[in-house]
Structures are given as structure tokens and as C-alpha cells.
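Everything below concerns the one structure shown next.
The values are calculated or read from the model by the stated rules, or taken from the named source; none is laboratory data. Note that the structure is predicted; figures quoted are calculated from it, not measured. Reconstructed Cβ throughout: ideal geometry from the backbone, glycine too, with neighbour counts over all protein chains shown. The area values use the complete protein model at the heavy-atom level, side chains included, leaving out ligands, DNA and RNA. Shrake-Rupley method; radii C 1.70, N 1.55, O 1.52, S 1.80 Å.
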Amino acid sequence: MATRTESLTRREQILKEAARLFAERGFHGVGVDEIGAAVGISGPGLYRHFAGKDAMLAELLVGISGQLLTGGKGRAAEAAGNPEAVLDSLVEGHIDFALDDRPLITLHDRELDRLRDSDRKLVRQLQRQYVELWVEVVREVYPDLAEPAARAAVHAVFGLLNSTPHMGRPGSLPGRAGTAALLHRMARGAFEAAAASTPG
């Protein structure tokens with residue numbers, strides 16, 4: 001049976017290693033040759049897949065924003081008619097991203113401004129749609145929560161979940177399942193607290 005790494009296409013392997021290296025040493029601290037060496041091809045060989053490092057960074061950041069939105073819409077559709085289940089599924093999906101794609105969170109925080117204006121605008125557009133998807137669901141679960149408060153709560157939960165790169169190395173956490181369960185309880189607790197603070 002193929003491992004996850006073996007099942008990745010060469011292009012996906014390049015992106016994965018580029019994300020890891022960019023997150024560890026910064027965009028300008030990594031050369032094309034190093035990315036190539038990490039996937040077993042020459043630096044110039046990378047140009048058969050990408051025009052350069054800028055193209056890799058754009059595909060990483062635009063790509064993950066699009067994946068989050070598409071995944072969120074899919075989860076909402078699967079549990080349609082049950083807002084509680086949709087919200088739990090959205091939280092679970094974002095936790096998976098936060099635990100499995102830590103380098104992309106670091107990249108977004110540090111390197112978003114390095115994108116071309118058009119790519120940066122696309123990332124922001126996708127992110128806004130993702131936030132609005134969450135806000136709509138949160139307001140279905142907590143109908144007394146005003147839209148601005150729901151949006152603030154969603155951003156707070158994103159801040160919580162996206163803090164995983166600062167939680168220590170994966171081996172220092174209480175196992176993936178335990179960490180995911182803890183994050184899920186904290187996220188839902190944040191929404192409960194926001195709803196409880198709504199004047200009634």
C-alpha cells in the first residue's frame with residue numbers, strides 16, 4: 001500500500017517541501033536548489049513544474065484558502081438541515097487543517113504580503129467567503145447572536161485554532177486525537193460564551 005508521501009504527485013511533493021522550508025527559514029532564506037534537493041530533483045528541474053518560488057508561494061496560499069472554502073461548503077452540504085452538526089463539522093475540518101498543515105499557517109502569517117496584488121486579493125476574497133459561511137452557520141445555531149458578534153466569535157475561533165504552530169512540536173502534545181478534542185471543546189466553548197454574553 002502506498003504511503004501518503006508516495007501517493008503525492010511530484011508537484012504536490014514540491015509544494016509540501018517548499019511550505020515546510022519557507023515556514024522554517026522564511027521565503028528569502030530558502031533557495032530553489034534546496035527545495036529541489038528535498039524532493040530529489042535538481043533546482044532547475046523545478047522549473048518544469050513552477051515558474052519560481054513566487055509561483056510556489058502563490059499556489060500554496062491561494063490553494064489552501066480555496067481548499068478551506070470548498071471543504072467548508074462540502075461539510076455544510078453534507079449536514080444540511082442540522083446547524084449544530086454543520087458547525088461541529090466545520091470546526092473539525094478547520095482543526096484538521098490546523099494540525100496537518102501548520103507550515104501553511106506560518107506562511108500565511110509571515111509571507112502573505114509577498115504575493116502579487118492579484119493573488120493577495122484572491123486569498124482575501126476566498127477567506128471572506130469562508131468566514132461568511134461560518135457566520136451564517138453560527139447564527140443558525142445561536143439565533144440571538146448579532147452578526148457583528150458572530151463574526152467576531154468566528155475570527156476568535158480561527159485565532160485559537162490557527163495558534164497550533166505555537167503549541168509546541170506534534171510530539172509534545174497529548175496525541176493528535178486528544179489535541180483535536182481539546183481544540184474542538186475550546187472552539188465550541190468560545191461560541192457558547194459569545195452567545196451567553198448577548199444581552200437578552
Log entry, pairs with first residue in the stretch 91-106 being open to solvent by less than 20 Å² (accessible area, probe 1.4 Å) and modelled with pLDDT of 95 or more, second being of a type in the set (D, E, K, R) and in a helix (DSSP H, G or I), beta carbons closer than 9 Å, six or more apart or on different chains, reads VAL91/ARG188; GLY93/ARG75
Here the residues within the stretch 107-125 that are touching a residue at least 40 places away in the same chain (Cβ under 8 Å) and either open to solvent by less than 20 Å² (accessible area, probe 1.4 Å) or farther than 19 Å from HIS28 by Cβ (or both) are LEU107, GLU111, LEU112, LEU115, LEU122, VAL123
Give the residue, chosen from GLU59, GLU34, that is more than 18 Å from ASP100 (Cα to Cα), part of a helix (DSSP H, G or I) and acidic (Asp, Glu). GLU34
Quick one: count up the residues across the stretch 48-66 that are without any contact (Cβ under 8 Å) to a residue 12 or more places away in the chain and either crowded, with 18+ Cβ neighbours inside 10 Å or not basic (Lys, Arg) (or both). 2
Where the second residue is assigned to a helix (DSSP H, G or I) and of a type in the set (D, E, K, R) and the first is under 16 Å from LEU68 (Cα atoms) and modelled with pLDDT of 95 or more and lies in the stretch 147-165, which pairs have Cβ atoms under 8 Å and are six or more apart or on separate chains? none
Restricting to the stretch 73-118, name every residue that is among the basic types (Lys, Arg) and farther than 17 Å from ALA180 by Cα. LYS73, ARG75, ARG110, ARG114, ARG116
